[in-house]
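Engineer: Take this structure, written in structure tokens, and hold onto it; I'll ask about it next.
The values are calculated or read from the model by the stated rules, or taken from the named source; none is laboratory data. These figures come from a predicted structure and were not determined experimentally. Because the Cβ atoms are built from the backbone with ideal geometry, glycine has one as well, and the counts that use them run over all protein chains shown. What goes into the accessible areas is simple: the full protein's heavy atoms, side chains included, and nothing from ligands, DNA or RNA. Shrake-Rupley method; radii C 1.70, N 1.55, O 1.52, S 1.80 Å.
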Amino acid sequence: MLDNPLRRWIQGLRGKKGQPPVLVKELGERDRRRVLRHLLALDSDDRLLRFGSMIPDEQITAYVGKIDFSRDIVFGVVNNVFQLVGMGHLAFASAEGRKSTTKQQVAEFGVSVSKSARGQGVGTRLFQRAATHCRNSDVDTLYMQCLTSNQTMMHIAKKAGMRIKREYGEADAHLELPPPSPGSVMAEALEEQFAAIDYTVKANTRAAMKFFTLKK
């Protein structure tokens, strides 16, 4: 899956089943409230799948408030009305004591997708973008923890070739990533440029619609 990221990215521009392509953009501080709205909109079942427990609004608010956009990487997918429908949080931690790598850091990935965007490949595209970013950041081990009942994430993990260890209803999976390549660097750069243009167009369209609605 990860040996030709540039070709995979180009193929992803075709979209899925006639749908528009899923473009993944790196989010920043200005998107914090948008991230919060996305996570608060998750129902109890989706919160269980994302966080491993059905956490209340207060804990989600605290979690979003602690995201450090200068350290962690947050990816997002917005729909045609500029709503965040997919979010991936890539957090980095020291690799000290881990036998799976000789690098200084490892990464852990968590993802959530709104019900309105299911079946469009959003979760897969977020995971692919996270894996490519890790490669280009000299991180060769990507971890993902999820409930074994989360069939979508289990499918993504297996498709990526992640090593999965199941215990007490949870699955710990990790993926060993190859080093960066010209293709992986180009794929991430193109993805971000295309996604940034898409993000700006949708933001401006939404702002214009709001303006003309207020003028009526």
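Engineer: Which of these values of semi-axes √(5λ) of the Cα gyration tensor in Å was calculated from the structure shown: (1) 41, 21, 15; (2) 23, 20, 18; (3) 28, 22, 17?
Structural biologist: Comparing each candidate, only (3) matches the computed number.
Engineer: Quick one: which residues, 5 or more positions from Gln105 or on another chain, have an amide H under 5 Å from its amide H? H modelled 1.01 Å from N in the peptide plane, none for Pro or chain starts.
Structural biologist: Result for Gln105 returns Ala95.
Engineer: Provide the FRET efficiency to the nearest 0.05 for the Val201-Asp72 pair, computing r from the beta carbons and using R0 = 30 Å. Each step should come with its number before you reach the end.
Structural biologist: Details: r = 27 Å, r/R0 = 0.88.
Given R0 = 30 Å and the Cβ-Cβ separation, E is 0.70.
Engineer: Moving to a separate point now. Greater than 26 Å separation of Cα atoms is the criterion. Which listed pairs, Lys25/Lys210; Lys66/Lys99; Lys66/Lys158; Lys66/Lys159, meet it?
Structural biologist: Table pairs above 26 Å Cα-Cα are Lys66/Lys99; Lys66/Lys158; Lys66/Lys159.
Engineer: Return, ordered by residue number, the residues of region 82-96 whose backbone nitrogen is under 15 Å from a label point located 7 Å along Cα→Cβ of Gln151.
Structural biologist: none
Engineer: Would you calculate a helix-derived [θ] at 222 nm for the chain, using -39,500 (n - 2.57) for each DSSP H run of n ≥ 4 and dividing by the full residue count, to the nearest 500? Spell out each step's value before the answer.
Structural biologist: On the way: 7 runs with 93 residues, N = 216.
Here the helix-only value at 222 nm equals -13500 deg cm²/dmol.
Engineer: Separate question: How many percent of the accessible area of the chain is carbon or sulfur, using a 1.4 Å probe?
Structural biologist: 54 percent
Engineer: What is the spin-label model distance, in nm, from Lys99 to Ala189 if the labels are put 7 Å beyond Cα along the C-beta direction?
Structural biologist: 4.0 nm
Engineer: Could you do me a favour and compute the accessible area per residue for the chain, 1.4 Å probe, result in Å²? Please report the intermediate quantities before stating the final value.
Structural biologist: On the way: 12060 Å² over 216 residues.
Per-residue value: 56 Å².
Engineer: Using the Karplus curve 6.51 cos²θ - 1.76 cosθ + 1.60 with θ = phi - 60°, work out ³J(HN,Hα) for each residue of region 114-126 in order, rounded to whole Hz, and write x for Gly and Pro.
Structural biologist: 5, 4, 5, 10, 5, x, 10, x, 5, x, 5, 5, 5
Engineer: Hey, another quick one. Which residues does the label zone of Arg32 cover in region 53-82, counting backbone N under 17 Å from a point 7 Å along Cα→Cβ?
Structural biologist: Under 17 Å, as judged by backbone N against the label point of Arg32, lie 58-75 of region 53-82.
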